[in-house]
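Participant: Shown below is the structure under consideration.
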Amino acid sequence: MKSSTVPRGMTRRHFMSHMAGATAMTVPALTLGHSLRSHAQELKRNGKSAIMLWMSGGPPSIDIWDLKPGTITGGEFRPIATSGDEQISEHMPMMAKQMHNATIIRSMSTREADHGRGSYYMRTGYVPNPNVEHPSYGAVIAHQTIDQRPQLEIPPFVTVGGGSTGPGFLGMAWAPFAVNSNGQIRNLQMGMDDRRLMQRMAALDLVEKGFIKEKRGQAAEDHQKILRKTLALMTSEQMKSFRVNEEPAEVLERYGDNNFGKGCLMARRLVETGVPFIEVNLGGWDLHNDIFNTLSTQRLPVLDRAMSALFEDLEQRGLLEDTAIMWMGEFGRTPRINGNTGRDHWARAWSVVVGGAGMNGGIAVGKTNSEGTQVETEPYTSQDIMASVCKSLGISLETTFTSRSGRPMKIANSGKVIKELFV
């Protein structure tokens, strides 16, 4: 199977495009009654979830989580105290109040400083390989925790505001279901009445059964599974989870009335409904130019408001203890400030933030040198982050998958648990 470094999301159109063209529309409004709220609470009691806050483009952790004031590489921002033991950027004052719930991994050291390769690596734990397509963390976690949620009707892996890396050899049943921050997805009905739609769905099911009977490969079986899930999806009350605009105005304001803010609010709603893995995307981090102005006026205010609201909301609702949160991009940015007042790609020394699901908060793990150019303590990788998150979710690190070529592949690519997160 040919590997791809292009992030991809699964919409229902992917499985129905050979029937007819699809049009985009918002999920129909549903009434959230007592039965759905109770149902969501029951789902959440039965399993843990993970939320990945994906910073596409490579965020400058040296200006956010690991500042170097007074050095030639330190930039314009100053560090401020937090509710934990660590200091972070002055432009993250709301998140500073939530840092007792989060830990900064300051000794990330990886090798992939290309956007496509770095995104693939950080989302899978593997470097791209032309002979195998590896499953993303979202697909793996959804696959390993879905049996805790027999009543879940909506997809177990949702990506908000952008695509993600696909399911690899786990199959399309575990591909990310892509929506925008308003809960907009691809509409199956295409203007047809229910009777005509069901006739077409039945015809497609017949075609799929024929392919399966002729043993034409895994794709037909995956498509048939998705077809059946889609029928349940179309009428499920759980689709209410995507309708963030029904939240009170003050809640929308707390998260930020923008795409990332709504995405983080949607992630909280999806966790309440029992979705195992949600990825929320915030792009615009490829800051080769004018980095300090862009950070202080655009990126960091949006990040600070939404990320802090997510931690606060999950904690207040008793959900943070069952929900792992990861903040990361494909790499960091250079300690050296270039001639355009920007920072370039840098994978040698940077930071990732994690929290929730029983992981320790309020600390920083690892250390970079005084100018942020090198890691001075034990280096950590994508595999180590994934191994630690799996441990927090109760997923066995002895789990081994078998690729379609028959090759055994251990979960998290045999990454090591970051012990400071659990002692």
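Read-outs: derived from the displayed coordinates by stated rules, not from any lab. Every value quoted in this text rests on a predicted model; they were computed, and no experiment measured them. Cβ atoms come from the backbone with ideal geometry, glycine included; neighbour counts cover every protein chain shown.
Participant: Specify the inter-centroid distance of region 59-89 and region 285-313, based on alpha-carbon positions, in whole Å.
Facilitator: A separation of 14 Å, based on Cα centres.
Participant: If you don't mind, there's one more thing I want to ask. Add +1 for every Lys or Arg and -1 for every Asp or Glu among the other residues with Cβ under 11 Å from the Cβ of GLY118, and state the total. Each step should come with its number before you reach the end.
Facilitator: Working: positive: ARG111, ARG117, ARG123; negative: GLU112, ASP114, GLU330.
With Lys, Arg at +1 and Asp, Glu at -1, the net is 0.
Participant: Right, something else. Which residues among region 347-376 fall inside the zone where the amide N is under 20 Å from a point 7 Å beyond the Cα of PHE422, along Cα→Cβ?
Facilitator: 352-366
Participant: By average Cβ neighbour count within 10 Å, what is the ranking of 302-308, 103-109, 285-291, 342-348 from highest down? All intermediate terms of the calculation are to be shown ahead of the outcome.
Facilitator: On the way: 302-308: 23.1, 103-109: 24.7, 285-291: 17.7, 342-348: 19.9.
Listed from highest to lowest mean packing, they are 103-109, 302-308, 342-348, 285-291.
Participant: State whether region 131-176 is rounded, prolate or oblate according to the following rule on the C-alpha gyration tensor (a ≥ b ≥ c being the square roots of its eigenvalues): a/c under 1.5 gives rounded; otherwise a/b larger than b/c gives prolate, and the remaining case gives oblate. Display every interim value, and only then the final one.
Facilitator: Details: a/c = 2.44, a/b = 1.37, b/c = 1.78.
Since a/c reaches 1.5 but b/c is at least a/b, the shape of region 131-176 is classed as oblate.
Participant: Which order results if PHE77, PHE422 are arranged by neighbouring Cβ count within 10 Å, fewest first? Walk me through the intermediate numbers first.
Facilitator: Numbers: PHE77 22, PHE422 12.
So the ranking, lowest neighbour count to highest, is PHE422, PHE77.
Participant: State to the nearest 20 debye the size of the charge dipole of region 308-423 about its Cα centre, where the only charges are +1 on K and R beta carbons and -1 on D and E beta carbons.
Facilitator: Computed about the Cα centre, the dipole is about 520 debye.
Participant: What distance in nm separates the two pseudo spin-label positions at ASN289 and ASN338, each 7 Å out from Cα along the beta-carbon direction?
Facilitator: 1.1
Participant: Go through region 350-358 residue by residue and turn each phi into a ³J(HN,Hα) via Karplus (6.51, -1.76, 1.60, θ = phi - 60°); whole Hz please, and just put x for glycine and proline.
Facilitator: With the stated coefficients, region 350-358 comes to 7, 10, 10, 10, 9, x, x, 6, x Hz.
Participant: Here is a follow-up. Could you pull out every residue, at least 5 positions away or on a different chain, whose amide H is within less than 5 Å of the one on THR159? Hs are placed 1.01 Å off N in the peptide plane, and Pro or chain starts have none.
Facilitator: Result for THR159 returns PHE177, ALA178, VAL179, GLU279.
Participant: Report the calculated FRET efficiency for LYS367 and THR235 (r = Cβ-Cβ distance, R0 = 30 Å), to the nearest 0.05. List each step's numbers first, then the result.
Facilitator: On the way: r = 53 Å, r/R0 = 1.77.
So, using R0 = 30 Å, E works out to roughly 0.05.
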